[in-house]
Amino acid sequence: MARATLTISSKNYSSWSMRGWLLCRMAGLEFDEIVISSNDPSTRAELLLLSPSFLVPCLRHEGATVWDTLAIAEYLWELTPDTGLFPKDRLARAHCRAVSGEMHSGFANLRSALPMNLKARYPGFKVWSGAVADIDRISTIWRECLSAYGGPYLFGNQLTVADAMYAPVCTRFHTYDVAMDATLKSYCKRILALPLMEEWTAAAKEEPDDLEELDAEF
């Protein structure tokens, strides 16, 4: 049987590609990567937030074609329910879906003000006021989850879909030097230090392609 494939775009700039890739690796799915160049017009539109829909990542597996990140998460959970992508407890699982969905559909100001760029670092970056509310809401979600489930991850001692959904936010907070309290800073460091995140980041830094629009000095 043919191996699964996961189509992604830039590892440096594409937060959605990171989420899909993390989910597949967390589920233990063996897959081949297909990387679309950032010079592709539709991919470039997605990376610059000019497209109304996101067609990467796209998972193809045993006849299924799944291109929405939350749909990929649900597909992988059905395929590998014992990997813990969603919590076993019904109430915790509903909470995980809710905060993951909020990341999936919200925080537009954060996305535009702090675009993902793993190669960049902006110490003392002044966050646009429009994004502050998004940062505050994400901080509240993290604090509530870490308090309710005891950490070290958002839903306890097992990485879940929620951690994959918010992993790119951790990179943004690092890139743009977002101020955080000790609890949230520790969570971000923990996520960024995951072997999977280190693997992704190392590959991102080797990418030759750049989007000048996202590499401008802010």
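The table below gives the values:
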item: So Ala92, is it surrounded by fewer than 17 Cβ atoms within 10 Å (Cβ to Cβ), more than 18 Å from the chain's Cα centre (by Cα) and of a type in the set (A, V, I, L, M); result: no
item: Cβ-Cβ under 9 Å pairs, at least 6 apart or on other chains, the range 61-75 side part of a strand (DSSP E or B), far side of a type in the set (Ser, Thr, Tyr); result: His61/Thr5; His61/Tyr75; Ala64/Tyr75; Val66/Tyr75
item: Pick from the range 76-89, criterion part of a helix (DSSP H, G or I) and touching a residue at least 24 places away in the same chain (Cβ under 8 Å), ranking: farthest from the chain's Cα centre (by Cα); result: Leu79
item: Helices (runs of 4 or more DSSP H) wholly inside the range 118-218 containing at least 1 residues that are without any contact (Cβ under 8 Å) to a residue 12 or more places away in the chain and on the phi < 0 side of the Ramachandran plot; result: 129-149, 182-192, 195-205
item: Restricting the range 125-169 to residues that are hydroxyl-bearing (Ser, Thr, Tyr) and within 16 Å of Pro115 (Cα to Cα), the residue that is surrounded by the fewest Cβ atoms within 10 Å (Cβ to Cβ); result: Ser129
item: So Leu55, is it at pLDDT below 95, of a type in the set (A, V, I, L, M, F, W, C) and more than 21 Å from Thr171 (Cβ to Cβ); result: yes
item: Residues within the range 84-107 that are farther than 25 Å from Ala133 by Cα and aromatic (Phe, Trp, Tyr), tallied; result: 1
item: Which listed residue is within 18 Å of the chain's Cα centre (by Cα) and closer than 19 Å to Asp89 by Cα, from Leu192, Leu196, Leu184, Leu159; result: Leu159
item: Any hit, the range 81-90, residues being modelled with pLDDT of 95 or more, in contact with a Pro (Cβ under 7 Å, 6 or more places away or on another chain), under 23 Å from Leu29 (Cα atoms) and of a type in the set (Lys, Arg); result: no
item: Conditions (1) without any contact (Cβ under 8 Å) to a residue 12 or more places away in the chain; (2) out of contact with any strand residue (DSSP E or B) (no Cβ under 7 Å at 6 or more places or on another chain): number failed by Leu110; result: (1)
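The values are calculated or read from the model by the stated rules, or taken from the named source; none is laboratory data. Keep in mind it's a predicted model, so treat the numbers as computed, not measured. Note: ideal-geometry Cβ built from the backbone for every residue, glycine included; neighbour counts use all protein chains shown.
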